[in-house]
Amino acid sequence: MIESGRPRLPRRYGRGSLVRLSPVILTVVIAGLAYATPPEMAFSRLLPAAPALAAAMWPVLPTVLLGTVCLVLMIGLSLVFPDLGTWWTAAGIIAVTVAAAYGSHLRLQRERTLFQVRLVADAAQQVVLSPLPRRLGDVEIESLYLAAAAEARIGGDFYEVVDTPYGVRLLIGDVRGKGLPAVGAAAAIVNAFREAAYDEAGLVDVARRLDASSTRYNAAFPPDGPMERFATALLAEIPHRGGRIDILNCGHPPPLLLNGNGLRVLESATPSPLLSLAELLGGQYHVDTFGLEPGDLLLLYTDGIAETRSRDGEFFPLASWMGGQPPTPPRALLTALHRDLLHHSRGRLDDDIAALAVRLGRPREAAPAADPGRPATGR
């Protein structure tokens with residue numbers, strides 16, 4: 001799965017090591033200027049800034065040690081320049097060092113809390129968005145997930161792919177809302193799909209199971225405010241022998257199919273009701289069938305992709321972007337999509353984003369039929 005985040009250089013080779021040494025560098029620069037310039041310029045009065053800066057990135061003990069070094073330097077400078085106002089500056093260093101040590105302690109506590117929250121978020125992500133296999137039979141699969149709530153790591157978008165006796169079944173959807181409040185509703189739908197995809201012979205029955213699960217969850221955990229909680233979803237089934245794809249669309253953006261004939265939008269003739277709204281809108285589900293040949297590339301996505309805006313308010317041109325892509329593996333397609341989305345939005349996402357890229361490989365070879373006129377041989 002491709003996730004949001006920037007690659008980090010090892011600290012000893014990256015800019016992080018230089019930043020962490022900046023309080024020491026600042027101390028050396030201030031002390032050097034105080035020694036090399038006339039006493040009237042009083043650069044030594046800037047020494048309290050060093051422990052204050054250290055509090056933003058160092059633990060308590062190193063911060064206190066740096067404050068002590070600054071105090072010793074101030075006393076040493078006073079021996080060279082007796083009229084520096086040593087005691088006032090020394091008192092300032094002591095006061096700032098004590099405050100910096102306390103600030104460093106509070107910062108470390110917040111970092112530990114945030115670390116624990118991220119561990120919980122990662123565990124929740126493994127439940128809602130479990131890692132997908134790269135290949136199921138003849139179907140290549142890759143996924144992309146970008147959460148708008150960066151600290152939450154997960155949101156209301158969801159997807160799942162399972163290999164069943166009826167073929168490879170895919171689910172992608174979007175719970176109304178974003179961030180942690182939508183995670184529980186997404187988890188209920190995904191868990192229901194994991195069971196129903198194996199049990200139910202048709203996509204219509206799978207959709208009914210998802211709607212029932214979503215409705216029960218909303219009844220048990222009512223949403224805040226007057227608005228109902230609902231979800232769009234798209235169910236797809238690719239038979240093991242390929243040749244077609246069946247799609248049941250519950251108010252979700254239509255998939256995009258790219259092949260040698262160009263780009264095709266797989267619009268449903270009759271959309272099905274959104275999840276948890278079937279009773280209100282009528283529980284009539286419809287399955288559409290489209291051709292799918294080896295080498296065809298399919299993109300399933302949530303509306304956060306098509307609604308990604310640039311700074312001037314222009315939506316990301318997903319259809320034209322997809323139509324201009326060369327034949328490529330699913331992973332390369334989503335890597336390019338991830339890059340271009342961040343470039344288009346200048347790194348700022350206003351909604352959760354999820355996508356599945358699927359490519360059909362060669363059809364499975366059928367087992368040769370036995371010759372009825374020839375007796376079977378064995379040992």
- Item | Residues of the range 246-263 satisfying the condition of being surrounded by fewer than 19 Cβ atoms within 10 Å (Cβ to Cβ) and without any contact (Cβ under 8 Å) to a residue 24 or more places away in the chain | Pro254, Asn261
- Considering each residue of the range 293-331, count those that are within 21 Å of Arg135 (Cβ to Cβ) and among the β-branched types (Val, Ile, Thr), and give that number. 1
- Query: Any chance the range 51-73 includes a residue that's aromatic (Phe, Trp, Tyr) and part of a helix (DSSP H, G or I)?
  - Reply: no
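Give the range 260-274 a look and list any residue that's assigned to a loop (DSSP other than H, G, I, E, B) and of a type in the set (D, E, K, R), or say none.
The first filter runs over the range 260-274 and keeps only residues assigned to a loop (DSSP other than H, G, I, E, B), leaving 260-261, 266-274.
Scanning the range 260-274 gives a single hit, Glu267.
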- Task: Collect the residues in the range 1-44 that are at pLDDT below 85 and outside any loop (DSSP other than H, G, I, E, B), keeping them in residue-number order.
- Result: Ile2, Glu3, Arg15, Gly16, Ser17, Leu18, Pro39, Glu40, Met41
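Going by what's in this entry, would Ser272 be described as in contact with a Cys (Cβ under 6 Å, 6 or more places away or on another chain) and among the polar types (S, T, N, Q)? Working first, answer last.
Working: in contact with a Cys (Cβ under 6 Å, 6 or more places away or on another chain): yes; among the polar types (S, T, N, Q): yes.
Here the answer is yes, as Ser272 does meet what is asked.
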- Listed by first then second residue, the pairs whose first member lies in the range 320-348 and is assigned by TED's automatic domain parsing to the domain that holds Asp303, whose partner is basic (Lys, Arg) and not in a loop (DSSP other than H, G, I, E, B), with beta carbons under 9 Å and at least 6 positions apart or on separate chains, are Thr328/Arg359; Pro329/Arg359; Pro330/Arg359; Leu333/Arg359; His344/Arg309; Ser345/Arg309; Arg348/Arg309
- Within the range 34-67, residues being touching a helix residue (DSSP H, G or I) at 6+ places or on another chain (Cβ under 7 Å) and surrounded by fewer than 14 Cβ atoms within 10 Å (Cβ to Cβ) number 1
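Tell me, yes or no, whether the range 19-30 has at least one residue that is under 20 Å from Leu106 (Cα atoms), in contact (Cβ under 8 Å) with a residue 24 or more places away in the chain and surrounded by 13 or more Cβ atoms within 10 Å (Cβ to Cβ). Working first, answer last.
The initial filter retains those residues of the range 19-30 that are under 20 Å from Leu106 (Cα atoms), namely 20, 23.
With the extra rule that they be in contact (Cβ under 8 Å) with a residue 24 or more places away in the chain, the set shrinks to 20, 23.
Now restrict to residues that are surrounded by 13 or more Cβ atoms within 10 Å (Cβ to Cβ): 20, 23.
Yes, the conditions are met somewhere in the range 19-30.
Here's the yes/no breakdown for (1) small (Gly, Ala, Ser); (2) within 30 Å of Gln325 (Cα to Cα); (3) surrounded by fewer than 20 Cβ atoms within 10 Å (Cβ to Cβ):
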{"position": "Ser213", "(1), (2), (3)": "yes, no, no"}
{"position": "Phe221", "(1), (2), (3)": "no, no, yes"}
{"position": "Ser268", "(1), (2), (3)": "yes, yes, yes"}
{"position": "Leu280", "(1), (2), (3)": "no, no, yes"}
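The values are calculated or read from the model by the stated rules, or taken from the named source; none is laboratory data. All values reported here derive from a predicted model rather than from experimental measurement. In this analysis, Cβ positions are derived from the backbone assuming ideal geometry, glycine residues included, and neighbour counts consider all displayed protein chains.
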